[in-house]
Structures are given as structure tokens and as C-alpha cells.
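Data first, discussion second: the structure below is written as C-alpha cells.
The values are calculated or read from the model by the stated rules, or taken from the named source; none is laboratory data. Source: prediction; values computed, not measured. Every residue, glycine among them, receives a Cβ derived from its backbone with ideal geometry; neighbour counts consider all protein chains shown. Just the protein is used for accessible areas: all its heavy atoms, side chains included, with ligands, DNA and RNA removed. Shrake-Rupley method; radii C 1.70, N 1.55, O 1.52, S 1.80 Å.
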Amino acid sequence: MKTLDKWVESGARILARTTSRRSFLSRLGSAIVGAASIPLLPVARADETTAGDEDDTQDPNKCNYWRNCAIDGFLCGCCGGCHTTCPHGTEMAPMTWIGTCHNPADNRDYIIAYNDCCGKSTCNRCGCNRNEGDMPNYLPHKSNDTNWCLGTGNGHNVYHCTTTLLLGLAIQQDTPHGLAAPK
Ligand code: ABN
């Protein structure tokens, strides 16, 4: 014990001789803050990995999925169906809202139909509201904020979720005013 006491005492004397009180406190503070942040580092890195590596544009159950560019509704893939089929117990509305979305995977534009699934209470999962090309409600044929289930005509008017069907490639068209993008 005596040896340990002497060792600590001489260490403290050397420290006192070579350092001012202010610089000692500042170094001590840095050491404490540095040590406290060590356990956080792997967590922060893990978060970055998740955010950076995920490509939501190719995941049908994410709002950022490329086909969802003009959607206003709940994704059927989160409601017991998938992005192209209605969940069991619902039926697809015959009328639909159409959008043109860009697929970054092949750098092309596609025409997408947003067919609502009807006949069960609103799903309320994976609600997405992206609205590219959407128009106000007073232009109902150009607005995605419409319950297309009202057109089912068999009493299944309740909206449940929305599918995203790929109708085809969007190609540029000739117009009297020259070339125009299909959007
Ligand atoms: N087309 C989806 C939807 C349904 C009900 C109300 C608004 C939007």
C-alpha cells in the first residue's frame, strides 16, 4: 500500500509541477466528454448505415417508392395486399387516378394507375401523400384527393387502400406546338 501511495503522490507532484490548474481542468474535461461519447459512436454509425444504404425508391411499401410519386392514400402492401393487388375482402375500383413517375433504376418515365381498393374500412397504415402532378379538387379528373370507390356502383364505397399499377412506358408525343413531355 505504501508503494502505491508513494507512486500516486509522486505522480500528483509531477502533474502539479508541469501543469497549470486551468489546463489540468480542461484536459480532465476533454477526457470525461471523450470517454462519455465512446459508447454512442457505434449507435450513430449504425443509424447512418440504415439511412444511407436503404434505397426506398425500389421498395413498394415505402412512400418514396418510385411508383408512388403521385399517390394520396394508404399503400395496399401495408394493408394485407401488395402494391398491385387488393387485400382479401376488398375490390378494385374501376375508375382511377393516373400519374407519370420517373424510375431512377432505368432512368425512364412510366404511366402509373392508382387504383383504390374498396369495401373495408380505411386501412390507416403507410399513408402517403406525394401528389406529383396533382390538381385541386375542383378539377376532379386531375385530382388524386378523390375517393374512387364511390364509382364501384355496388355499395362498396368505403375506401381501404391504393395500388400502383404500371400501365406502360410514357413516351414523348408530337403536339402541334412541337415535342412535349407526357406529364
Ligand atoms: N384515392 C385515394 C383517396 C381515397 C379517399 C379520399 C381521398 C383519397
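Observations on the model:
- Taken together, the residues in region 100-128 that are assigned to a loop (DSSP other than H, G, I, E, B), more than 16 Å from the ligand (Cβ to nearest atom) and not small (Gly, Ala, Ser) amount to 3.
- All positions within region 66-87 that are closer than 22 Å to ASN107 by Cβ, open to solvent by less than 40 Å² (accessible area, probe 1.4 Å) and not basic (Lys, Arg): TRP66, ASN68, CYS69, ALA70, ILE71
- Selection of region 88-99 for residues being touching a Cys at 6+ places or on another chain (Cβ under 9 Å), open to solvent by 20 Å² or more (accessible area, probe 1.4 Å) and assigned to a strand (DSSP E or B) yields GLU91, MET92.
- None of CYS149, CYS118 is in contact with a helix residue (DSSP H, G or I) (Cβ under 7 Å, 6 or more places away or on another chain), within 19 Å of LEU75 (Cα to Cα) and open to solvent by less than 20 Å² (accessible area, probe 1.4 Å) except CYS118.
- A residue that is touching a Gly at 6+ places or on another chain (Cβ under 9 Å), at pLDDT below 95 and more than 10 Å from the ligand (Cβ to nearest atom) occurs somewhere in region 135-153.
- LEU15 vs. criteria modelled with pLDDT under 65 and exposed (fewer than 10 other Cβ atoms within 10 Å of the Cβ): no
- First in region 144-167 and more than 13 Å from TYR114 (Cα to Cα), second anywhere and small (Gly, Ala, Ser) and within 11 Å of the ligand (Cβ to nearest atom), Cβ under 8 Å, 6 or more apart: GLY151/ALA93; THR152/ALA93
- Test: residue in region 57-65 that is over 23 Å from ALA105 (Cβ atoms), open to solvent by less than 80 Å² (accessible area, probe 1.4 Å), within 16 Å of the ligand (Cβ to nearest atom) and modelled with pLDDT of 70 or more: no
- ASN131 vs. criteria near the ligand (Cβ under 10 Å from one of its atoms), surrounded by 14 or more Cβ atoms within 10 Å (Cβ to Cβ) and in a loop (DSSP other than H, G, I, E, B): no
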